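Worksheet: the structure to be examined is printed underneath.
Since every read-out is calculated from the coordinates, none of them should be taken as a lab result. If you're wondering where the values come from, they're calculated on a predicted model, not measured in any experiment. Note that each Cβ is placed from the backbone with ideal geometry, even for glycine, and that neighbours are counted across all protein chains shown.
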Amino acid sequence: MFRKHFSIMVAAGLFALSALVATAQTGELRGHVKLKQADGTSVPLAGAAIDVFRTDLKGKFETKTDKRGGFVFAGLPYVGTYTIGVSGPGAQANFQANVKVGRDIDYELVLEPGDGRRLTIDEINAIMKGGSSNGGAKTPAASAESASDKAKRAEIEAKNKEILEHNKKVEETNVTVARTFKTGNDSLLAASALTKANKREEAIPKYTEAITAYDEGLAADAEQPALLTNKALALKARGVDRYNLAITTKDTTAKAPLLESAKADFKSAAEATQKALTQLKAQGTEAGADPASQQHAAANKLSALNANADAMRLYATKGDPTQGDAAAAAYEEYIAAETDPAKKLTAQRDMARMLFDTNSYDKAKAAYDKILVQNPDDTDALQNIGLILYALGFVKEGEGKKDEAKASYQEAANYLARFVEKAPDGQLKSEAQDVLKNLKEQQNVQAEKPASTPGRRKRP
């Protein structure tokens, strides 16, 4: 009576590192600035001057950090290469070179205490080329240089070298993250197309390629919620294909391993989305007041909440039924954040169905009741409440509670009759009619006619 196959849809856009989609023309660049303290800690630096120099073409963009030390440029040309220069009162200027926009990277620039001087692009280039650390100005001859000045110059040069090494490492990480994100997405979309064409055995290795690519990016930088969320999408989809192959295969020796690998995929997908959410929530506390940054963070968090709820649904229904309450909590968090009424309703239905599939009948009925309060004619809720009450009738009957079983059967018949009345012709309607027939023949229960209001008597 119940459907055994299920499918997963992978959105073409995916959970995107902003502007990595090929059609985008502009991208976002964001980061935050901190100032080192005497005790070695770092604190956000508000009001720091941010100079973004475009280095492939001539161009400059300016802003200041907010009260939390954050900054964001929402629409820089995507194809450019940039250098971020930062300076602030009582701080030594710093910079980050070879920056690309639209990679969903929050650049962190930490400043040492200093004189607050602002670097020009020429000075930055001189430092990068190994020139003088003070932007090309001539230094006194070594013989005339005091010991104090010499020590200070050596300290500055050492710090500049440290900055360059750090920047190089960051750039290498950025390149790896961007490359693996694109490679993973390409494989994920190719695998999704194969799944839709019912070529599951070909799709599974493609999903594995996507997961491998995302793992490479996460090895370079574990704090990448976009990689984690898309990895979860690939894991879920691979698990779905493995599960569907397991229940359709005629090879009895292959069934059990496929089911176990599917369950492992669902569990790993749930773990990946939970890590992504933890990172996004932490980032949200530092997002600053900039509207574009806040909107970007909220969209990414909503995508991760949705992915987490779906991953937990699969894990609970196909892997570990004891995770039903945890899956319901994931759905509740997503539903509270979702503003689209249609998506919210879909999530409510999915949560209720998940509770039903994990045998949490009372909780499932309560979830469907909430849907019917908003839409009394919701056929999905009418059908499944009827099936829940039908199942509860068997439970009560097995416990020897005949009166309670009879009452549950009667309610089941009433709901299923309403479903049959409103549902289109098809398998689900036929199944409901079969249950109603069974209730009549085996339990002597028929649907009650709804109470009607007596018509007003006509005057003679």
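Placing one equal scatterer on every Cα of region 19-93 and applying the Debye formula, the log10 ratio I(q)/I(0) at q = 0.12, 0.19, 0.27 Å⁻¹ is -0.38, -0.80, -1.22.
Could you compute the FRET efficiency for GLU108 and LYS250, with r as their C-beta to C-beta distance and R0 at 56 Å, rounded to 0.05? That gives a FRET efficiency of 0.50.
If one puts a single equal scatterer on every Cα of region 214-355 and applies the Debye formula without solvent, what log₁₀ I(q)/I(0) results at q = 0.10, 0.12 Å⁻¹? Evaluating at q = 0.10, 0.12 Å⁻¹ gives log10 I(q)/I(0) of -0.37, -0.52.
Cross-link pairs exceeding 30 Å between alpha carbons, from the set LYS250/LYS318; LYS267/LYS429; LYS182/LYS301; LYS196/LYS370: LYS267/LYS429; LYS196/LYS370. What is region 290-380 by shape, rounded, prolate or oblate, if you read a ≥ b ≥ c off the alpha carbon gyration tensor as root eigenvalues and call it rounded for a/c under 1.5, prolate for a/b larger than b/c, and oblate otherwise? Because a/c hits 1.5 or more and a/b fails to exceed b/c, region 290-380 counts as oblate.
From the square roots a ≥ b ≥ c of the eigenvalues of the alpha-carbon gyration tensor of region 334-376, which class results: rounded (a/c under 1.5), prolate (a/b over b/c), or oblate? Could the numbers behind the result be given before it?
Working: a/c = 2.59, a/b = 1.53, b/c = 1.70.
It comes out oblate by the Cα gyration axes.
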